[in-house]
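J.: What follows is a single structure, and I will ask about it in a moment.
The values are calculated or read from the model by the stated rules, or taken from the named source; none is laboratory data. Computed from a prediction, not measured in an experiment: that's the story for all the values here. Using ideal geometry, Cβ is built from the backbone for each residue, glycine included, and neighbour counts are taken over all protein chains shown. Heads up: the accessible areas ignore ligands, DNA and RNA and are worked out on the full protein's heavy atoms, side chains in. Shrake-Rupley method; radii C 1.70, N 1.55, O 1.52, S 1.80 Å.
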Amino acid sequence: MQNQEKVIVIDFGGQYNQLVARRVRECNVYCEIFSYRTPIDEIKAMDPKGIILTGGPSSCYEDGAATCSPELFKLGIPVLGLCYGAELMDYVLGGNVERTKEREYGHTDIHIDTSSPLLKDVPENTTCWMSHFDYISVPAPGFKAIATTRNCPYAAIANDEEKLYGLQFHPEVLHTPYGTQMIHNFVRGICGCAGDWEMGSFVDKTVGELREKIGDGKVLLALSGGVDSSVAAGLLSRAVGKQLTCVFVDHGLLRKDEGDQVEGVFGENGSFDLNFIRVNAQDRYYKKLAGVTEPERKRKIIGEEFIRVFEEEAKKIGAVDFLAQGTIYPDVVESGLGGESAVIKSHHNVGGLPDFVDFKEIVEPLRYLFKDEVREVGRKLGIPEYLVSRQPFPGPGLGIRIIGEVTGEKVKIVQDADAIYREEVDKAAKEAAIASAANDGIIIDAENPDYKVMRKYYPAWMPDQYFAALTNMRSVGVMGDERTYDYAVALRAVKTVDFMTAESAQIPFDVLQTVMSRIINEVRGVNRVFYDLTSKPPGTIEFE
């Protein structure tokens, strides 16, 4: 983002690089991630207000370890090192880092110096999340200890005169209760950032930039109905109106009623000014998937068929000037384009442009946003909450939430079961949030809730993702006086920060009982309901 006040995160291969950037943005400060190999002149040219060094898997004193130039700390720009970043800063500036006798991992009691500007408004005794096998044994000249633990005499260090700070622990994770306060103290206090990064101004600025870039050109967007492509469509519609054509391919593997919901928002009777084309390709997909049981083959068939359908529609439209995509910032980072972390997965949005559409240039209006920011932009644009807050949904859709062969009958079973599950969990969480808010004297309108307020009061068990899947298991049951031989539905619900790891959510048993009863009574073809307790790893969030 040009001309935007920013803090930059320099990535040394840590698993939390995106989380660090998200925490900075939660302080209303724009932030981007860059490789530790980024030349110092490029860093200067960015003119950042602050620099944060991430954790990493190496020992900074080993040959070949990720490192940085001492010049980085002499730019007059405040620097905050986290875990490996703190060790590296100390080591590069003349301190000593060595292997610990006793590794610290997990929740750790910590005693802090409350007079430090980095630790302002943090209790003198609190806890933090440690994960290290090296530690700072001797601080570099000019540094002093501002926090200690039982095994770590320099759990945090500071050189206030040079505005250089290091935390041996991870303030970016939720397990460090006052971590966000520490990051706020750094970016808003020490760096002096104004905190002017907010989604209302992003919308206005981006719409203006899109109008200037696109001019009177034509734009084509593949609209999946997910959050990212829907928000991209909303932004482009506001910018260029009917110059935008959205192609929505309904492959018959969406959640219940989602195809109609997408058309209701973006179609002829919707509130957005654009050209909307819906392709109902359900039968075509079911024929292609008939008899296929291997998960990866299912994925490839679904992906390749989407390309064929989209290609056919694109040829009808003819040449366009711009191909739009709903690429978001994690897509860029996870594809290995923004930092030094391992490539997690390749994304079709950033891994190469399709060769079957005649276009001149690509446009990605959400490229620098995280998912929570994309949702907020959607709300600013007036996209309905049921679409904006929609849970993550895999590209192959229900095709990988149905174990074994995909048929129209199985799709209907999992759609109906999933709709019941999500309805009951949402209802229970909403009721708990309204009651909790009322205890604080805050009234939430149940019919028209303020979701930003309600989310603060959601119960601790509220999952980050939850859905029903159809197993390939059939078993004997009894319904009424009749013997049944029907399918088992599995319910999945996880708590996660980054979706790289996840734990099973502890949904109240009475809620699960209600879900089970409704599914068995209302969904034909199901006589058992399971609850999946598997964490990630060893399992995955999706079933296939």
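J.: In the neighborhood of Leu119, defined by Cβ-to-Cβ distances under 13 Å, what is the net charge if each Lys or Arg adds +1 and each Asp or Glu adds -1?
T.: Values: positive: Lys120, Lys144; negative: Asp113, Asp121, Glu124, Asp160.
With Lys, Arg at +1 and Asp, Glu at -1, the net is -2.
J.: Can you give me the span-like helices of the chain, meaning DSSP H runs with 18 Å or more of Cα extent along the axis and Kyte-Doolittle mean at or above 1.0? Walk me through the numbers before you get to the answer.
T.: Working: long enough: 199-214 (22 Å, -0.23); 227-240 (20 Å, 1.06); 295-317 (33 Å, -0.98); 408-439 (47 Å, -0.37); 509-522 (19 Å, 0.42).
Qualifying helices, which must be both long enough and hydrophobic enough, are 227-240.
J.: Now, a different point. Using a 7 Å offset from the Cα along the Cα-to-Cβ direction at both Val453 and Glu304, what is the distance between the two label points in nm, to one decimal?
T.: The answer from the label model is 5.3 nm.
J.: Express in nm, to one decimal, how much length is gained between Arg297 and Arg284 on full extension, taking 0.36 nm for each residue of separation and deducting their alpha carbon distance. Write out the running numbers ahead of the final one.
T.: Numbers: separation 13, 0.36 × 13 = 4.68 nm, distance 1.63 nm.
Between Arg297 and Arg284, full extension yields 3.1 nm more.
J.: OK, next. Rounded to the nearest 500, what is the 222 nm mean residue ellipticity of the chain from helices alone, with -39500 (n - 2.57) per DSSP H run of 4+ residues and division by all residues? Numbers along the way, then the final one.
T.: Numbers: 15 runs with 175 residues, N = 544.
Taken over the chain, the calculation gives -10000 deg cm²/dmol.
J.: Whose amide H sits under 5 Å from the amide H of Leu53, counting only residues 5 or more places off or on another chain, with H placed in the peptide plane?
T.: Ile10, Leu80, Gly81, Leu82
J.: Then there is this: Name the residues whose placed amide hydrogens come within less than 5 Å of the amide hydrogen of Gly477, ignoring near sequence neighbours (fewer than 5 apart) on the same chain.
T.: Residues meeting the amide H criterion: Thr484, Tyr485, Asp486.
J.: Starting from the Cα of Arg99, step 7 Å along the direction of its Cβ; do the same at Thr114; then give the gap between the two resulting points in nm.
T.: About 4.0 nm, to one decimal.
J.: Which lysines does Lys218 reach when only Cα atoms under 21 Å apart count, and residues fewer than 8 places away in its own chain are ignored?
T.: Candidates past the 8-residue exclusion: Lys205, Lys242, Lys315, Lys316, Lys360.
J.: Could you order Met130, Met46, Met479 by accessible surface area, starting with the largest, using a probe radius of 1.4 Å?
T.: Numbers: Met130 0, Met46 40, Met479 75 Å².
Sorted descending by solvent-accessible area, the residues read Met479, Met46, Met130.
J.: What is region 61-113 by shape, rounded, prolate or oblate, if you read a ≥ b ≥ c off the alpha carbon gyration tensor as root eigenvalues and call it rounded for a/c under 1.5, prolate for a/b larger than b/c, and oblate otherwise? All intermediate terms of the calculation are to be shown ahead of the outcome.
T.: On the way: a/c = 2.45, a/b = 1.39, b/c = 1.77.
Oblate shape, in that a/c is at least 1.5 and b/c is the bigger or equal ratio.
J.: Just for the chain, what percent of DSSP beta bridges are antiparallel, to the closest 5?
T.: The answer is about 50 percent antiparallel.
J.: Between Gln4 and Ala194, what is the spin-label point distance in nm, taking each point 7 Å from the Cα along the Cα→C-beta axis?
T.: 1.5
J.: Another question, if that's okay. Between His107 and Ala45, what length comes free when the chain is fully extended (0.36 nm per residue of separation minus the Cα-Cα distance, one decimal in nm)? Kindly include the intermediate steps, with their values, before the conclusion.
T.: On the way: separation 62, 0.36 × 62 = 22.32 nm, distance 3.90 nm.
Gain in length upon complete extension: 18.4 nm.
J.: Can you tell me the length gained on complete extension of the stretch Glu71 to Gln513, counting 0.36 nm per residue apart and subtracting the Cα distance?
T.: 153.0 nm
J.: Can you order the peptides 424-433, 219-228, 385-394 by their average number of other Cβ atoms within 10 Å per residue, highest first?
T.: Working: 424-433: 18.2, 219-228: 23.3, 385-394: 16.2.
My ranking of the peptides, most packed first, is 219-228, 424-433, 385-394.
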